[in-house]
Amino acid sequence: MTDKSIWVVDFGGQYNQLIARRVREAHVYCEVVPWFKCVKRLADERPAGIIFTGGPASVYAEGAPKLPRAFFESGVPILGICYGMQMMAHVLSGNVYSPDYKEYGRVALRRSGAGADPGDPLFAGIPEETVCWMSHTDYVERVPEGFRVCAQTDNCPAAAMENAERKLYGVQFHPEVHHTPFGQKLLSNFLYGICGCKGDWTPANFAKAKTEEIRRRVGGGRVLCALSGGVDSSVAAVLTHKAVGDRLTCIFVDHGLLRKDEGEQVMEVYGRRFRMNIKRVDAAERFLGKLAGVGDPEEKRKIIGGEFIRVFEEEARKLLSKEGGADYLLQGTIYPDVVESGNGESAVIKSHHNVGGLPADMKLELLEPLRLLFKDEVRKVGEELGIAPELVWRQPFPGPGLAIRCLGEVTPEKLRILRESDAVLRAEIDAYNEDLFARTGKRNYGAEDDDGGERAVWQYFTVLPNIRSVGVMGDLRTYDHTVGIRAVTSVDGMTSDWARLPYSLLETVSNRIVNEVDGVNRIVYDITSKPPGTIEWE
Ligand code: XMP
């Protein structure tokens, strides 16, 4: 990690994290910095370059975020995107115009025309005529003095501008989205050609540098970790284990709400294969006891979250008194949890995994080695560390576990049905994928029209809606449970669509569940998107 950082200065645009991801994909380290913090930081630090994100404001709106003219005098290269370009033009005495129409979607872009120069560094290797993705109302009507227009669209007289001497660049379109086909090339041109980055941000380099950093920071101290078996906490633990070995102790709270064989798998992989110092706490009875008679979803979540912290705390105390204390609490916090938006609002952190609520007398310093990584980068680091792909690419599994897939009261019998039916669904989708892979070289987890990424199935599981219905099996009337199948496509879990699993696959899963799982006589398929539904049922 020898490159200096790139700052992605956040003006509240919906794509700001995407810009940071694209920069990282170009193997350049970057940080998202709220716009109101960057003036002060620039006084003390010198990043390799700065990218302004878009944002919802118009430069003419009251209170619109703006940086002072002096900010542009530092000599650090700047690329303004959308609002970022308009703000740059406005502050440097160009003119921003608010037309009546919006330019939205895929738009033809011409570099030839007034003022274009095929040799300009931002557009090096990009065709003269291409398309880009626009999403704006305002645009720069007149570029500031010393700037020249380097691309246009039918509706936008300055789709890109530059002042090469001052290393100031602006693009009205969004190079960070997939729909701008040359977007990554343009960003790379900025990072490598203009900012002089070397591109040494790789999972291998990250893992190496982080291990050394953790070793230095922890010294002879001890680290405690709540390991859930989820991707983030596992990668954080393996990384830290590499750095400090047995001075890391992991507590794995088995709340009895895990999927079939999951607890054993965690112990097998992290305990036996990685030889980590890990203690499994079997707290199933305790959790089920607390959940007895409770049907309200929020109440269930609160009970599980609270109990989790209590169990962890008790175990931590036992361990600390026995083994001479701990100095650090390891957490699998990742970048989307810590990035502040342009409005200065922190992203919501899921409460379940946040065991920061430890009592004050346990003075543990937080160790968060993944706090600068996006989820896909965490996975790459995990692979780099030798964690098996099926664990690294594991689907998200909610902290409250099967309890929120079991509507109403949670009972051992309902958990059994959920575990068994879920195992059938997972096994059949795996088999379907292996078969597909053998035939086509592609795995799409059953998603139709899969384009290799965004539409791939995000999560699949069974739910128990807590209803019984009449059926007939072997000439006998049954009155048994209904199992729901939920399978969704999504990019980030914020919105989702139901996955179009093939009928043949659904048929096999349905047959197997009713035949193999006692107490089930009906299967339904959830065809609700999010919104209005959520991915989980509770
Ligand atoms: P929803 O149901 O809100 O789920 O559409 C979105 C994503 O978040 C996961 N999820 C959770 N993850 N703790 C977690 O760590 C939770 O309490 C929790 N609730 C939902 C869900 O599985 C989906 O991927």
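Here are some notes:
- More than 19 Å apart - percent of Cα-Cα pairs taken over region 211-277: 30
- Net length gained if the chain between GLU73 and TYR525 were fully extended (0.36 nm per residue, minus Cα distance): 156.8 nm
- Solvent exposure of the chain as accessible area per residue, Å², 1.4 Å probe: 44
- The chain, accessible surface, carbon-and-sulfur percent (1.4 angstrom probe): 50
- Modelled this way, with points 7 Å down the Cα-to-C-beta line, the labels at GLU128 and ARG416 are 7.5 nm from one another.
- Here's the picture: a label point sits 7 Å out from the Cα of ALA388 along the beta-carbon direction, and within region 225-269 the residues with their amide nitrogen under 14 Å of it are 261-269.
- Relative packing of 292-302, 394-404, which averages over residues the other C-beta atoms within 10 Å, highest first: 394-404, 292-302
- Three-way shape label, region 5-120, alpha-carbon gyration tensor, a/c 1.5: rounded
- Projecting label points 7 angstrom from Cα along Cα→Cβ for VAL177 and MET473 puts them 5.0 nm apart.
- Sorted into 5 angstrom bins from 0, the C-alpha pair distances of region 476-530 split as 4, 18, 24, 19, 14, 12, 6, 2, 1, 0 percent.
- Highest mean packing first, where packing is the average number of other Cβ atoms within 10 Å per residue, the peptides 423-435, 134-146, 50-62 line up as 50-62, 134-146, 423-435.
- When only alpha carbons are used to place a centre, region 244-276 and region 27-72 end up 43 Å from one another.
- At R0 = 51 Å, FRET efficiency that the Cβ-Cβ distance of GLU62 and GLU516 yields, to 0.05: 0.20
- Cα gyration tensor shape for region 372-446, rounded if a/c is under 1.5, else prolate or oblate: oblate
- A helix-only calculation puts the chain at -9500 deg cm²/dmol for mean residue ellipticity at 222 nm, using -39500 (n - 2.57) for each DSSP H run of at least four residues, averaged over all residues.
- Take ARG24: with every protein chain present and a 1.4 Å probe, its accessible area is about 10 Å².
- 20 Å-binned pair-distance histogram of the chain (Cα, whole percent): 19, 45, 30, 5, 0
- Here each label is just a point 7 Å from Cα along the line to Cβ, and for THR440 and ARG41 those points are 4.3 nm apart.
The values are calculated or read from the model by the stated rules, or taken from the named source; none is laboratory data. All values reported here derive from a predicted model rather than from experimental measurement. Note: ideal-geometry Cβ built from the backbone for every residue, glycine included; neighbour counts use all protein chains shown. With ligands, DNA and RNA removed, areas are computed over all heavy atoms of the protein, side chains included. Shrake-Rupley method; radii C 1.70, N 1.55, O 1.52, S 1.80 Å.
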